Amino acid sequence: MNLAEPARPVAPATADAAPVITPSFSEPAVEAAPANADPAPKVDPAVLYDDAREFAPVNQLNESHTRGIATILPEHLKATGAHFAAPAAVSRGRKASFVRKVLPFLFDPRDFVSYGEVARYVIMKDNTAFIYTEESDTNPLYTIPLETLSAIKEDPKKPHKHSVTISPSLNTNLPKEEIETILLLDDKEKLQYQFTFDVSQDRELATNCILAIRDMHDINMNPGKNKHPIKK
């Protein structure tokens, strides 16, 4: 019978001693200095604007706007040498949109507006047209500088392509006989404004408006020239 050899003796287990750990100490917390912030600056109180168009997109409005204009009474302008004063329908004409340029067949060749929709009261003085809603107003809605604009009477049978027809006749879509329009053009013949007059009571109204504008231009070029009486 074969027997296994007895187990060999082994050395006893040994272990290194645990290292000595030196205790660590942290510095005590230091109180921070109080924050030194400057006080908020004082601002003016909010101001309410009576004019709702103060922050409106003025360039998208049909009428230009004069901000902060002082009180200018129509009777004061007329008493101090105005060249022209009369009711008129005032418009900037038709503004051609991109769609209208690309697809002109979708639109009428002319735009039509009734006289009452754009009726205003116009006073001209010192190469400026003061535009009021009506003669009893205390302030103009806006003003139009006239120095660089020329005035011509519109031919109703060959109207300016960007003008609008005011109160057309029902049968022909042409202006009525008592309606006459003058066009205010810049040096590139671009329409800036149009004034339309009811000449049923005064056939010379539109003509006098053109003469007044030319007269103001003449005075501006010749400051010593006497002013002509008001044309209205």
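Just so it is clear, none of the values below were taken in a lab; they were calculated from the coordinates. As the structure is a prediction and not an experimental result, all values here were calculated from the model. Please note: Cβ atoms are built from the backbone with ideal geometry, for glycine as well, and neighbour counts cover all protein chains shown.
For region 65-221, what ratio Rg/Rh do Cα atoms give with a Kirkwood hydrodynamic radius?
Result for region 65-221 is an Rg/Rh of 0.98.
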Practice prompt. Just order 148-155, 186-193 by mean Cβ neighbour count inside 10 Å, highest at the front, would you?
Written response: 148-155, 186-193
Worksheet item: Could you give me the ³J(HN,Hα) list for region 135-147, computed from phi with Karplus coefficients 6.51, -1.76, 1.60 and θ = phi - 60°, whole Hz, x at Gly and Pro?
Response: 5, 7, 5, 9, 10, x, 5, 6, 10, 10, x, 10, 4
Discussion item. Using Cβ contacts closer than 10 Å as the measure, can you line up Ile219, Ile179, Ile166 from fewest to most?
Written reply: Ile219, Ile179, Ile166
Practice prompt. For Glu177 and Glu189, calculate 0.36 nm times their separation in residues minus their Cα-Cα distance, and state this gained length in nm to one decimal.
Written response: 1.7 nm
Worksheet item: Projected onto the charge dipole of region 65-221 (+1 at Lys/Arg Cβ, -1 at Asp/Glu Cβ, origin at the Cα centre), which of Gly93, Ile131, Leu141 gives the Cα projection farthest towards the positive end?
Response: Gly93
Worksheet item: Residues with amide H under 5 Å of Tyr142's amide H, sequence separation 5 or more or different chain, H placed in the peptide plane at 1.01 Å from N; which?
Response: Ile131
Worksheet item: Taking amide hydrogens as modeled 1.01 Å from N in the peptide plane, which residues meet the under 5 Å criterion relative to Leu174, leaving out close sequence neighbours?
Response: Ser169
